[in-house]
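The values are calculated or read from the model by the stated rules, or taken from the named source; none is laboratory data. Keep in mind that this is a model prediction, so the values were computed, not measured. Here the Cβ positions follow ideal geometry from the backbone for every residue, glycine too, while neighbour counts run over all protein chains shown. Only protein heavy atoms, including side chains, enter the accessible area calculation; ligands, DNA and RNA are left aside. Shrake-Rupley method; radii C 1.70, N 1.55, O 1.52, S 1.80 Å.
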Amino acid sequence: MGGVEDEEPALKRMKLSSKGLVALSNGSSSKEPVGGLSRDFMARALPSKGDEQVVGSKGVIKKEEFVRIIAKALYSLGYGKSGAHLEEESGIALHSPGVNLFMQQILDGNWDDSVATLRKIALADESVVRSASFLIWEQKFFELLNGEKVMEALKTLRTEITPLCINSSRIRELSSCIVSPSPRLDIVRVRSRSKLLEELQKLLPPTVMIPEKRLEHLVEQALILQRETCPFHNSLDKEMSLYSDHHCGKDQIPSSTLQILEAHDDEVWFVQFSHNGKYLASASNDRTAIIWEVGINGGLTVKHRLTGHQKPVSSVSWSPNDQELLTCGVEEAIRRWDVSTGKCIQIYEKAGTGLVSCTWFPCGKYILCGFSDKSICMWELDGREVESWKGQKTLKISDLEIMDNGEEILSICKPNSVLLFNRETKNERFIEEYQPITAFSLSKDNKFLLVNLLNQEIHLWNIEGDPRLVGKYKGHRRARFIIRSCFGGLKQAFIASGSEDSQVYIWHRSSGELIEALAGHSGSVNCVSWNPANPHMLASASDDRTIRIWGLNSLHNNYQNVPTNGVHHYCNGGS
């Protein structure tokens, strides 16, 4: 069965305090005899010295709660004497005498008395009392069984656990422990009494027993909130301190042009970093795609120029392992390339219809393609068709994504609608917009979708369950072309977008605040891509035939001596 009690004698688990048993810290507890148990059992407010009922300048922190939480933290940190002194000096006890007695009875294994004391604490919710009693009687049951007192354990099951009329499935599991000589280990939950007390603490109201690490939790919440509301937080190296409020400057945002890549001979329509951030792929109206390699110092150089398409290349898609790349020609064919050699491995095409979009399955064994006849097809890497979905599944010009589970496909099925199609269940969900949709982008965690609209707005949708509109971003310009946006930065806390006014726009994702409009391009910015491995690197593709690599101002001087290889370097806004 395994032991259900600590090996150490009870006194080694206890920490003495002049105020009685006041905390459970590191599996420890303390005890001093508690006197009269009438009114003291009630879960009531405890008296305190002084007239001040609140602390802090805002008047929202109750003094009693504040002191009790500090005392709890002191005991949890092992500062028992300090905790006891705080209770004594403030006159505010961490726990009432009744709760102290209850805790000690649990640690001593006085099961019947502990259940009786639990009822005297006068909890308002009877279901909590029954659930807590169930855990206590269950512990008694296992300890009796462990001591080979089978008949007493059976009596506890019949007369104490079963009458509670809760968790019938668990009661059947406990019964199996009586019948089977070797019960399953997942049924026999071997735990110490201090562990039981921690579980009981989660059931009881926090006014009765303050949750473990409550102060740490509150402080962490405050720090996380400061970080999430900081409009410029974009660095893992930015340490947070309790000594001052958190604040980042704009120097954490990639707003300086570090490189201008000029290897394309016509408009650049699409850019995308590889998953590992080591490469950038670009697609152009010049019918080529280029794989750029990100050097150790952050500079980009041409690795391979991919030729063979008979029409402009509209998009690219990296394989899950970044070893292969798909390129999609405008209503032409899709080509699969080996990233290391730059050689074309496979050409995918279908007679009588053109391919307009492509993406990889998460397993890397299949690809997904959208056709000009509005159908979607799943292919094996060798070009064999596995499955096809006919009907209004995608538009002539469309983005295509698939969830990481390999089940749900996302496409623009109508001018105003994004289809979320489950290929296993055939279930369909829709994002309905009031304006035509021009492009979309899926977040890394698959929980959000960024939708670009014809009316110069970008909408953020939560697509867990029923899709919900949760954010809007405005300021960029879109009148004639497909303009793409992306998630990016540390924990994808930012939204970036191209714009027909030749600028790159960056918003804070949570607040929707526009924090940067980056000038430098001389033509429409068609697409942006944020390096997933480097929150300080952003790429933008433009009709001016260039790709700009944006980074921190502090890094600008480090890029002056990067080898050219089709790359030219300018200051921000230079030409």
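Grouping the Cα pair distances of the range 251-551 into 10 Å bins from zero gives a pair-distance distribution of 6, 30, 39, 22, 3, 0 percent in increasing distance order. Within the set Lys343/Lys444; Lys311/Lys414; Lys343/Lys374; Lys202/Lys472; Lys81/Lys195; Lys374/Lys491, which residue pairs have Cα atoms separated by over 32 Å? Distance filter (> 32 Å) returns Lys202/Lys472; Lys374/Lys491.
Residues whose amide H falls under 5 Å from that of Cys527, counting only those 5 or more places apart or on a different chain, are Arg484, Ala541, with hydrogens built in the peptide plane.
Cα convex hull, the range 303-386: 85 Å³ per residue, rounded to a whole number.
Mean separation of Cα pairs under 8 Å and 6 or more residues apart, divided by the residue count, gives the range 251-551 a relative contact order of 15 percent.
Amide H contacts for Gly471 (H built 1.01 Å from N in the peptide plane; partners 5 or more residues away or on another chain; cut-off under 5 Å): Leu460. For Thr341, the solvent-accessible surface computed with a 1.4 Å probe is close to 70 Å², ligands and nucleic acids excluded. Listed by chain and number, the aspartates and glutamates whose alpha-carbon sits under 18 Å from that of Lys250, ignoring those within fewer than 8 places in the same chain, are Glu228, Asp237, Glu239, Glu513, Glu516.
Seen from Lys149, the other residues with C-beta closer than 11 Å to its C-beta sum to a net charge of -1, counting Lys and Arg as +1 and Asp and Glu as -1.
Accessible-area rank, largest first, for Val60, Val470, Val294: Val60, Val470, Val294, with all protein chains present and a 1.4 angstrom probe.
Taken over the range 474-547, the percentage of Cα pairs per 5 Å bin, counting from 0 up to the bin with the maximum distance, is 4, 19, 29, 25, 16, 6, 1. A 1.4 Å probe run over the range 251-551, with the rest of the protein chains in place, finds 37 Å² accessible per residue. Residues whose amide H falls under 5 Å from that of Arg545, counting only those 5 or more places apart or on a different chain, are Val268, with hydrogens built in the peptide plane. Per-residue packing, averaged as other Cβ atoms within 10 Å, sorts the ranges 330-337, 544-551, 249-256 into the order 544-551, 330-337, 249-256, beginning with the highest.
In terms of Cα to Cα distance under 20 Å, which aspartates and glutamates are near enough to Lys213, apart from those fewer than 8 places away along the same chain? Qualifying aspartates and glutamates at Cα under 20 Å: Glu64, Glu65, Glu87, Glu198, Glu199.
Compactness of the range 95-209, taken as the C-alpha radius of gyration over 2.2 N^0.38 Å, stands at 1.05. Take the Cβ atoms of Ala116 and Arg172, set R0 to 35 Å, and the FRET efficiency comes out at 0.80.
Which trypsin sites (Lys or Arg not before Pro) in the range 474-538 sit in a loop by DSSP (not H, G, I, E or B) and have at most 12 other Cβ atoms within 10 Å of their own Cβ? When the trypsin sites (Lys or Arg not before Pro) of the range 474-538 are filtered for loop state and at most 12 Cβ neighbours within 10 Å, Arg480 remain. Counted by Cβ distance under 9 Å from Ser522, the other residues give a net charge of -2, where Lys and Arg count +1 and Asp and Glu count -1. Placing unit charges on the Cβ atoms only, positive for Lys and Arg and negative for Asp and Glu, gives the range 95-209 a dipole magnitude near 180 debye about its Cα centre.
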